[in-house]
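Single-structure report; data block below.
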Amino acid sequence: MNIRDLHGFNLLALGPDSVDLVTFQVQSKGNLSDHLRALASQAAVTLRSTLAVRGQPVSLSIKSDVVATIDIPAIPLTTTYDVVGGKLVPTFQNGSNATRLRLVWTPPTGMRVVLVMAMTKSETGWSIVRDRHYLLAVDTTKTVPGWFRLPLPNTYADAQICMGTYCYEHPTIAAAVSAGVAQFLDSPWNSDLMGDRGNTHALFSFDAKTNNAAPPDQAWTGICSRVNNVLFERIVL
């Protein structure tokens, strides 16, 4: 066969505030073309710091779908609190009558927290996959390898985040990432999927006088649980 039988390509469109992936396809011929397309579809294009959302760079892994990774330098925990041992700890009470505070937690030294979202191309733009939002931590000192799940409610055992109801369809990748980050940072927390409160309080506590995040009394890698998923291989740090 000759090169004219090869077909199909992706065009990555970059703008000052947007990124999009456009697929062009023409008629196919021959088995070799099919094999070449299958081989190409297995490779991911990696783009680091392509966009910025709320001042944080967004990196992308692009195949037929897109996996976006953004750093989360602080997590606002809007929920209920109690005083335990001179510290404020979140109790995540449900109910409309509960009094909530919005305290901002920052990761301890050596921890990097990222939000990971998968998106697929839709007829109108980009659709965030509903069950593929992950909140993950990694050891920046590389002393303990792997990915970790934070001991928070609204989080499944595999580190998926229950994001609640919001718009999943967006015209561009940038708009989809921005909406996902806003939903995560601006939503209140409750006790759904609550696990071991001891681990939660060990990592998430605040000085009762200043409301500043208090460092944990032990290594955070011993508080968080390890997780793994084939999707994590496409996380771009």
Item to complete: Check region 148-160 and report whether any residue there is touching a Ser or Thr at 6+ places or on another chain (Cβ under 8 Å), surrounded by fewer than 13 Cβ atoms within 10 Å (Cβ to Cβ), under 23 Å from D196 (Cβ atoms) and not small (G, A, S).
Response: no
Worksheet entry | Extreme residue, surrounded by the fewest Cβ atoms within 10 Å (Cβ to Cβ), among residues of region 126-147 that are part of a loop (DSSP other than H, G, I, E, B) and in contact with a strand residue (DSSP E or B) (Cβ under 8 Å, 6 or more places away or on another chain) | P145
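I need a count of the residues in region 163-192 that are part of a loop (DSSP other than H, G, I, E, B) and surrounded by fewer than 15 Cβ atoms within 10 Å (Cβ to Cβ).
Quick first cut of region 163-192, residues part of a loop (DSSP other than H, G, I, E, B) only: 163-168, 171-172, 187-192.
Still in the list and also surrounded by fewer than 15 Cβ atoms within 10 Å (Cβ to Cβ): 164-167, 171, 192.
Final tally of qualifying residues: 6.
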Worksheet item: Could we say that I75 is at pLDDT 70 or above and under 25 Å from W189 (Cα atoms) here?
Response: yes
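The values are calculated or read from the model by the stated rules, or taken from the named source; none is laboratory data. Remember, predicted model here, so these are calculated numbers, not experimental data. Ideal geometry is used to build each Cβ from the backbone, glycine not excepted, and the neighbour counts take in all protein chains shown.
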